[in-house]
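Undergrad: Starting off with a structure, shown below.
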Amino acid sequence: MFCEEEIIFYNNIIDNITIKLKEKNKIYININDININDKIYIEFLPNSQKYIYQLYPKYGIIVKINNNNQLIKIFNFNTNKIENLFHDYVSYYGDIPGYDYTLYKII
């Protein structure tokens, strides 16, 4: 059911983030309370097991926030790229995310 490359990629992300966050504190934060230059860690919980390895966590710094928090960009420390904080929607019709998330500020 799962692609071996997805599992390896997911596990590498988890290992890298675990090492980077070892000496740091995580504080739960609401999406409306984030600011540019905040270091953020986000975990995803898919509504379907099908997406467990596709919705990998992200760790990075906020570089852009639009007015209504609909589009938030981070510099992802694992990929060294600027990307969306959230993953693309994975719901059947694509009208809802298809996952929950927990957002942390790293201090």
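Undergrad: I'd like to know which of Asn12, Gly60, Leu45 lies farthest towards the positive end of the charge dipole of the chain, counting +1 on Cβ of Lys and Arg and -1 on Cβ of Asp and Glu.
TA: Farthest towards the positive end: Gly60.
Undergrad: What are the ³J(HN,Hα) values, in whole Hz, obtained from phi via the Karplus relation 6.51 cos²θ - 1.76 cosθ + 1.60 with θ = phi - 60°, for each residue of segment 20-31 in sequence order, with x given for Gly and Pro?
TA: Using θ = phi - 60°, the values come out as 5, 9, 3, 9, 10, 9, 10, 10, 4, 9, 7, 4 Hz.
Undergrad: Is it possible to state the helix-based mean residue ellipticity at 222 nm for the chain, with each DSSP H run of 4+ residues giving -39500 (n - 2.57), the sum divided by total residues, to the nearest 500 deg cm²/dmol? What is it?
TA: Helices in the chain give a 222 nm mean residue ellipticity of -5500 deg cm²/dmol.
Undergrad: Restricting attention to segment 1-44, which GluC sites (Glu not before Pro) occupy a DSSP loop and are surrounded by at most 16 other Cβ atoms within 10 Å?
TA: Glu23
Undergrad: Contour minus end-to-end for Glu5 and Lys81, with contour as 0.36 nm per residue of separation and end-to-end as the Cα-Cα distance?
TA: Going from the current span to full extension adds 25.3 nm.
Undergrad: Quick one: putting +1 on the C-beta of Lys and Arg, -1 on the C-beta of Asp and Glu, what dipole do you get for segment 5-107 around its Cα centre, in Debye to the nearest 20?
TA: About 380 debye.
Undergrad: How long is the gain from Asn25 to Val63 if the chain were fully straight, where each residue apart is worth 0.36 nm and the alpha carbon distance is subtracted?
TA: Once the chain is fully extended between Asn25 and Val63, it gains 11.6 nm.
Undergrad: Sorted from largest down, give the three principal axis spans of the alpha carbons of the chain, whole angstrom values.
TA: 38, 34, 23
Undergrad: Please compute the contact order of the chain in relative form: average sequence separation of alpha-carbon pairs under 8 Å and at least six residues apart, divided by the residue count, as a percent.
TA: Reported as a whole number, the value is 32 percent.
Undergrad: Can I ask one more? Distance in nm between label sites at Asp95 and Thr18, each 7 Å beyond Cα in the beta-carbon direction?
TA: 4.0 nm
Only the coordinates and a few stated rules stand behind these numbers; no lab work does. Values in this document were obtained by computation on a predicted structure and should not be read as measured data. Every residue, glycine as well, gets a Cβ built from its backbone with ideal geometry; the counts of neighbours run over all protein chains shown.
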